[in-house]
Every structure is written in structure tokens, then in C-alpha cells.
């Protein structure tokens, strides 16, 4: 006698999914971390022009050539600030400034700074040794020679006045306001600029470690969607 064939009732497939919340949280955290910029924005300024008049007590004369090239680091630390402005000491590198073919020596102490104010103004300032060429004494009582200029327009800076909020696209579209060289009070010479180029050398971009976090975040979101599907 043949034995009856046993049939096994099919077992239901488990519908319980592996918890995905930790993976979702990991992916979100990786994406948030990857979003933070890790590199400074570097802005190069290239200027050329002529001196409009002489500066008393110095060898700076009308018609002399003025040339300047320097790089501004927008992540330079804030040296002093108020509710409406901030000063960044020594934020420049690759500085090359000449007046009448002579490169003035930096002043002792704080020889340069950038100042931002009221969400609409950037001051660029370099101080020079008043006792060396081309200033060579300047006016009586002068303590330093100076080159300065401003960029000014509404919306140049963000809600907080510091270099990190500088709108570089807007900055590059502006003409410098009141570029001049001075040596003491009421002893200055305006500069007629024939060139005033602003070039963004680098934007905030992720470093390799940040790119790895970004990849982890994208993979985590993809893996989560695949499990749910």
C-alpha cells in the first residue's frame, strides 16, 4: 500500500523589514556634514592707474604709475567688530604694490586690513612706512603712508557684516570708489584707475573627506529606498 503523499503548507514569507531608521539618520547626517564648505574663497585684485597729483614731502608725483596686485582671503579672522561692521587684520597675501616704480615698505604693526560695514561697504587698506621711499617723510606729523579704496553698493554683504558673507559676483561688477594714496591729514593724491580687475580664485568646495561623507549619504539614501521597495 502506498503511503499518502504529504504536502507541506507553504510558509508565509516574513513581511518584517530590517529597521531602516538608523540608516536614514546616518545618510542625513552625512549629507549635512558634506554641505559645510571647507576651503576659503580667495579673491585677487589687479589695479593699474596714475597719480592725479603729488604728495607733499614725498617723492610721489602727479602722473606716476600706480600698480597693485593682492589676494584677499575671506576667511581671515575678525579682529574687531560691532553690530554693524567688522575689521579683518592682515587678510591679504601675494601683495605687490608700486608707486612710481617703487615698492613701499609695510608699516610696523598692523600694515593692512579689510573692513566691512552695514551690509554694503568693503574698505581695502594698506599702511606703509612713512620714513622710506616713496613716502620719505610725508607731511609733518604723518605716522604712516596709506593706500585705500572702497567698494560700495546695497547687498554687497549678507545679514552679518564680515568677509564670509561677501557677494563676490557683485563685487566683481563694481568700480572701486575713491582709490587714493595719502601721507597724513589733507595730504593725499587720488588715483585714476585704468584697470580694476577682481577675480575669484577659489570658491568654498568640499575636501576629499567631505566628498566621502557626501558619497556615504547618497549611498545610504539609495540603500534605504531599495529596502523599502
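The values are calculated or read from the model by the stated rules, or taken from the named source; none is laboratory data. Everything numeric here is computed off the predicted structure, so don't read it as measured data. Here the Cβ is made from the backbone with ideal geometry for all residues, glycine too, and neighbour counts use every protein chain on show.
Mind checking which residues of the stretch 98-115 are outside any loop (DSSP other than H, G, I, E, B) and either under 18 Å from residue 78 (Cβ atoms) or touching a strand residue (DSSP E or B) at 6+ places or on another chain (Cβ under 8 Å) (or both)?
If the condition is that a residue be outside any loop (DSSP other than H, G, I, E, B) and either under 18 Å from residue 78 (Cβ atoms) or touching a strand residue (DSSP E or B) at 6+ places or on another chain (Cβ under 8 Å) (or both), then 98, 99, 106, 112, 113, 114, 115 are the ones that fit.
In this structure, does residue 184 turn out to be in contact with a helix residue (DSSP H, G or I) (Cβ under 7 Å, 6 or more places away or on another chain) and at pLDDT below 90?
No; evaluated as a whole, the condition is false for this residue.
Inspect all residues belonging to the stretch 89-100 and state whether any of them is under 25 Å from residue 174 (Cα atoms) and over 26 Å from the mean Cα position of the chain (by Cα).
yes
Between 194, 132, which is in a strand (DSSP E or B), more than 16 Å from residue 54 (Cα to Cα) and modelled with pLDDT of 90 or more?
194
Which residue pairs have Cβ atoms closer than 8 Å, lie 6 or more positions apart in sequence or on different chains, and pair a first residue in the stretch 159-188 that is surrounded by fewer than 14 Cβ atoms within 10 Å (Cβ to Cβ) with a second residue that is part of a helix (DSSP H, G or I)?
159/165
May I ask you to verify whether residue 105 is more than 22 Å from residue 196 (Cα to Cα) and free of Cβ contacts under 8 Å to residues at least 40 places away in the same chain?
Considered against the rule, which asks whether it is more than 22 Å from residue 196 (Cα to Cα) and free of Cβ contacts under 8 Å to residues at least 40 places away in the same chain, residue 105 comes out as yes.
Determine, yes or no, whether residue 114 is buried (at least 17 other Cβ atoms within 10 Å of the Cβ), at pLDDT below 95, in the same structural domain as residue 140 (by TED's automatic domain parsing) and under 30 Å from residue 193 (Cβ atoms).
no
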